[in-house]
1. Tell me yes or no: at least one residue of the stretch 2-21 is surrounded by 21 or more Cβ atoms within 10 Å (Cβ to Cβ) and under 24 Å from Arg153 (Cα atoms).
2. Given the condition more than 24 Å from Ile260 (Cα to Cα) and part of a helix (DSSP H, G or I), answer yes or no: does some residue in the stretch 18-41 qualify?
3. Being touching a strand residue (DSSP E or B) at 6+ places or on another chain (Cβ under 6 Å) and surrounded by fewer than 23 Cβ atoms within 10 Å (Cβ to Cβ) narrows it down to one of Pro151, Pro157, so name that one.
4. Any residue in the stretch 193-210 that is without any contact (Cβ under 8 Å) to a residue 12 or more places away in the chain and on the phi < 0 side of the Ramachandran plot?
5. Any residue in the stretch 170-185 that is more than 13 Å from Met319 (Cα to Cα) sitting within a Cβ distance under 9 Å of a residue that is of a type in the set (Phe, Trp, Tyr) and surrounded by 24 or more Cβ atoms within 10 Å (Cβ to Cβ)? List the pairs, counting only those 6 or more apart or interchain.
6. Pick out the one residue from Leu42, Leu29 that is surrounded by 16 or more Cβ atoms within 10 Å (Cβ to Cβ) and over 22 Å from Ala284 (Cβ atoms).
7. Scan the stretch 58-68 and tell me whether some residue there is assigned to a helix (DSSP H, G or I) and of a type in the set (A, V, I, L, M).
8. From the list Ala351, Ala359, pick out the single residue that is among the hydrophobic types (A, V, I, L, M, F, W, C) and in contact with a Ser or Thr (Cβ under 7 Å, 6 or more places away or on another chain).
Amino acid sequence: MRAAVLYEQGKPPVIERVEVADPKQGEVLVRMVASGVCHSDLHVINGHLPANLPVVMGHEGAGVVERVGPGVTSVQPGDHVVLLWRAPCNRCYFCGIGKSYLCPVAGQIRWTGCLADGTSRFSAGGRTLKHFGGVSTFSEYTVVMENAALPVRKDVPLDRVALVGCGVMTGVGAVFNTAKVEPGSRVAIWGAGGVGLNVVQACAMVSADRIIVVDILDNKLEMARQFGATHTVNARDTDPVQAVRDLTDGYGADYTFEVIGNPRTIAQAYEAARPGGTAVVVGASPVGETVSIEAASLVLQEKRLIGSLYGSTRPRVDMPRLLDLYVDGKLKLDELITRRYRLDQLNEAFAAMERGEVARSVVVYD
């Protein structure tokens, strides 16, 4: 089978033949059907985020269960599944309190590149390859832990299902779960990429009053309007903080979302939140970067600066619900997919994303 393997950060992944071993106890072999092209992969490729190398890339995907290992009971061959790049162990403290996205076992799998038993199922030329996020979706087949394969309804095309595995869940969940945006709120969003557009549409779904989107590309701002933005600000020629304040009676937004991962824009989003408001950081910043804010404002203005990992998701509740919303015509998934690529065109897809040409691209295998 073929897969996208990253051997060295700063260089593009290589599409090559890879061997995948049979699933072991509690594991599942999945035939991939679609994988979204996400900035988180690009952050690893560019060296902004660490990863154990060499690694089979990809973390936003969906496919069909091909085979299951001993002890697997929640899925069976033929099931359609969305893959979870933060697969819960369902045993730790965080899983027990409903915050499985903070599960340390899931974190260990992400940082080691190995499955729960500390080994990998991928190899090439006798060399072990690591799993990215425990799922490695840029591969024709992948082996994942049982808890990373969430069965979903079969009447939703799998290229749409794939988007729910990261970008949609991360953006919508930041609004629904992390911030809990109230109807009539005034919100501002920094970044109109694949995740940012989902923050926008989630704010529209909860009937936010004003939805202000900040970006530096006019085509992205036009996309944001299609997803529910009421106002747009091009930060190339306008001070975005002042623009947000001007659009919110001088006070600032009730909720702001930073969906870029840049310390400067994180600070802007915090500044643009009103006294008593909440700034939510969704974008992944390079490791080691710091943000400078006025410390006194945390107390004197009672502002909140919080993070949102994976949309604070409860996967087995939230992801099926998102697909139900799509089927009911309330969640835009079709409109997110700007382009479809084959696996050997993956680096073209990353280049298009870097140029800001797409909302979301999807690699399709069938």
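1. no
2. no
3. Details: Pro157 fails: touching a strand residue (DSSP E or B) at 6+ places or on another chain (Cβ under 6 Å).
Criteria check complete, one pass: Pro151.
4. To start, the set of residues in the stretch 193-210 that are without any contact (Cβ under 8 Å) to a residue 12 or more places away in the chain comprises none.
No, that holds for no residue.
5. Ala174/Phe257; Val175/Tyr255; Val175/Phe257; Ala179/Tyr255; Ala179/Phe257; Val181/Tyr255; Glu182/Tyr255; Ser185/Tyr255
6. Working: Leu42 fails: over 22 Å from Ala284 (Cβ atoms).
From the options Leu42, Leu29, the qualifying one is Leu29.
7. To start, the set of residues in the stretch 58-68 that are assigned to a helix (DSSP H, G or I) comprises none.
No.
8. Working: Ala351 fails: in contact with a Ser or Thr (Cβ under 7 Å, 6 or more places away or on another chain).
Going through Ala351, Ala359 in turn, the sole match is Ala359.
The values are calculated or read from the model by the stated rules, or taken from the named source; none is laboratory data. Given the structure is predicted, the values throughout are model-derived calculations rather than measurements. Neighbour counts run over all protein chains shown; Cβ positions are idealised from the backbone, glycine included.
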